[in-house]
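Please read the structure below before turning to the comments.
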Amino acid sequence: MLTKIKSSKLGENTIIGFSGDHNSYTLFPFENPNTKEINKHSVPFYLYVPEKYIRENKVNIKRFGSHKDIFPTLFNLSLSNQEYFSLGNNLLEKNINDSLFYGINGSFHIGHPKFPKNILDKKVKAYMFLSDYYFNQK
């Protein structure tokens, strides 16, 4: 179906993004001691962007991200300078320091190895506070 859309007239103007959810440990238990912790928490993210929308964006496969980053990425590709609220980052933005990109899944979080864990912990704590404040206002 994706190949059909991408090769059709629709494919010239259609941005496609989809993601899975985190692994269910009961379906796929990780009993192998060599399995990296990150692989237990990773989620797939597929993004198709037609040539005319890609601009100068490049994919940096060394960046960490999570679901919080998907909508800012899609908004920046599809909306013309529209302001919006976000706690995530555009995954394709080349002018954002890699230290601002991290993956978060409940109590597990991971970021670029060159940034100290205590700094990442503070960023995640701030993210959780802002998220809780924003989404739980009465």
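Assess whether Lys68 counts as being over 12 Å from the mean Cα position of the chain (by Cα) and within 26 Å of Pro113 (Cα to Cα). Considered against the rule, which asks whether it is over 12 Å from the mean Cα position of the chain (by Cα) and within 26 Å of Pro113 (Cα to Cα), Lys68 comes out as no.
This table checks each residue for (1) under 25 Å from Ile5 (Cα atoms); (2) at pLDDT 85 or above; (3) in contact with a Lys or Arg (Cβ under 9 Å, 6 or more places away or on another chain); (4) assigned to a loop (DSSP other than H, G, I, E, B).
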{"residue": "Phe64", "(1), (2), (3), (4)": "no, yes, no, yes"}
{"residue": "Lys68", "(1), (2), (3), (4)": "no, yes, no, no"}
{"residue": "Phe71", "(1), (2), (3), (4)": "yes, yes, no, no"}
{"residue": "Tyr84", "(1), (2), (3), (4)": "no, yes, no, yes"}
{"residue": "Gly88", "(1), (2), (3), (4)": "no, yes, yes, yes"}
{"residue": "Ile104", "(1), (2), (3), (4)": "no, no, yes, no"}
{"residue": "Val124", "(1), (2), (3), (4)": "no, yes, no, no"}
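Selection of first residues in the range 111-137 that are in contact (Cβ under 8 Å) with a residue 12 or more places away in the chain and among the hydrophobic types (A, V, I, L, M, F, W, C) and of second residues that are part of a helix (DSSP H, G or I) and surrounded by 11 or more Cβ atoms within 10 Å (Cβ to Cβ), restricted to Cβ pairs under 7 Å at least 6 apart or on distinct chains, gives the following pairs, ordered by first then second residue: Phe115/Ser99. Going by the structure shown, is Lys52 out of contact with any Leu (no Cβ under 9 Å at 6 or more places or on another chain), loosely packed, with under 13 Cβ neighbours inside 10 Å, part of a helix (DSSP H, G or I) and not hydrophobic (A, V, I, L, M, F, W, C)? Taking the combined requirement at face value, the residue satisfies it.
Check the range 37-44 and report whether any residue there is under 19 Å from the mean Cα position of the chain (by Cα), among the small types (Gly, Ala, Ser) and at pLDDT 90 or above. No, because not a single residue in the range 37-44 is under 19 Å from the mean Cα position of the chain (by Cα), among the small types (Gly, Ala, Ser) and at pLDDT 90 or above.
The values are calculated or read from the model by the stated rules, or taken from the named source; none is laboratory data. Only a predicted model underlies this, so the values are computations on that prediction, with no experimental measurement involved. Note: ideal-geometry Cβ built from the backbone for every residue, glycine included; neighbour counts use all protein chains shown.
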